[in-house]
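Since the structure comes first, as structure tokens, the remarks are kept for the end.
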């Protein structure tokens, strides 16, 4: 798969007709992001060079389409280019920490329907239960569902200030601070946004929220390998990413793509969580039925030499309590799922010494 470095190197061959310098060096091409089959870049051409715009756009597209795994080019416009001539500073996005937050954990999946949000919510609640001040950012802009999982979908966060000084106060529930797009739109309302608008709201959720001092912020990413994941990975220093999969073969195939994306973006991988590993009937808790297959999580972990963090079973209380707005780790701490989520929270606490 094409890396950011390979794409940037190819784009550095595009030259400004006036100065004869390459556009990476000039800072006109920046924030190069690659997530096969799409590449996204920011183009910041100063007004005096507008006559070159069509030629530059054409060369960018032709250059990136030469890579066999890139089929779509998205160009975001920035009208305030940095005129620095430092190649390294301009070609590599700078990570900006969130003041007061010690560690950021991202929870991701290659496809929808694997229970990623359920895992993220229960990890956040379990981190709080083991004594960590915890926040949860629902970054699934197109399908925000953590508010309903936590029983706060009817609440509205307070907002004060305006413009760049605007601040949002998170909703508190079950010991965690929560921010989600679900608080800002009506139920069932679609979010029809493309890259630039998506990137803007994500940055607002990161930097314009009164998170206060948190030990850990859990970010529930949308499924797949799109703009939201890339924007987050290139905005904040993520301590570790958790990949959620199920034992199914199709889930494993998609999870490989998500995992490869984090590798390309240089995000540390904390490990794999296999969700719905087996069904445990409530009247026969000693039995397990592997209705979705077996071994997918271990296969993914072994392939990438990362830990298999947990195998979360499918238990009826997980579904029922989620529908009531109470995560299983809060409603029934004695279930197998709750115990495993607590063990995972302790692992995170010990690993990052928080």
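When we screen 263, 249 for residues that are under 20 Å from residue 304 (Cβ atoms) and within 14 Å of the chain's Cα centre (by Cα), the only hit is 263. Residue count for the range 329-348 satisfying the condition of being touching a helix residue (DSSP H, G or I) at 6+ places or on another chain (Cβ under 7 Å) and not in a loop (DSSP other than H, G, I, E, B): 10.
Of the residues making up the range 184-217, those that are at positive phi and either modelled with pLDDT of 60 or more or assigned to a helix (DSSP H, G or I) (or both) number 1.
Yes/no matrix, rows are residues, columns are (1) modelled with pLDDT of 95 or more; (2) outside the structural domain of residue 244 (by TED's automatic domain parsing); (3) assigned to a loop (DSSP other than H, G, I, E, B):
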residue	(1), (2), (3)
96	no, yes, yes
107	yes, no, no
110	no, no, yes
113	no, no, yes
128	yes, no, no
131	yes, no, yes
143	no, no, yes
156	no, no, yes
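Looking at this structure, is residue 260 buried (at least 22 other Cβ atoms within 10 Å of the Cβ) and touching a residue at least 60 places away in the same chain (Cβ under 8 Å)? The answer is no for residue 260.
What are the residues in the range 37-61 that are part of a helix (DSSP H, G or I) and over 29 Å from the mean Cα position of the chain (by Cα), if any? The answer is 47, 48, 49, 50, 51, 52, 53, 54, 55, 56, 58, 59.
Residue count for the range 2-36, restricted to those that are on the phi > 0 side of the Ramachandran plot and not in a strand (DSSP E or B): 2.
The values are calculated or read from the model by the stated rules, or taken from the named source; none is laboratory data. The structure displayed is predicted, hence computed values, not measured ones. Don't worry about glycine lacking a Cβ; one is built from the backbone with ideal geometry, like all the others, and counts go over all protein chains shown.
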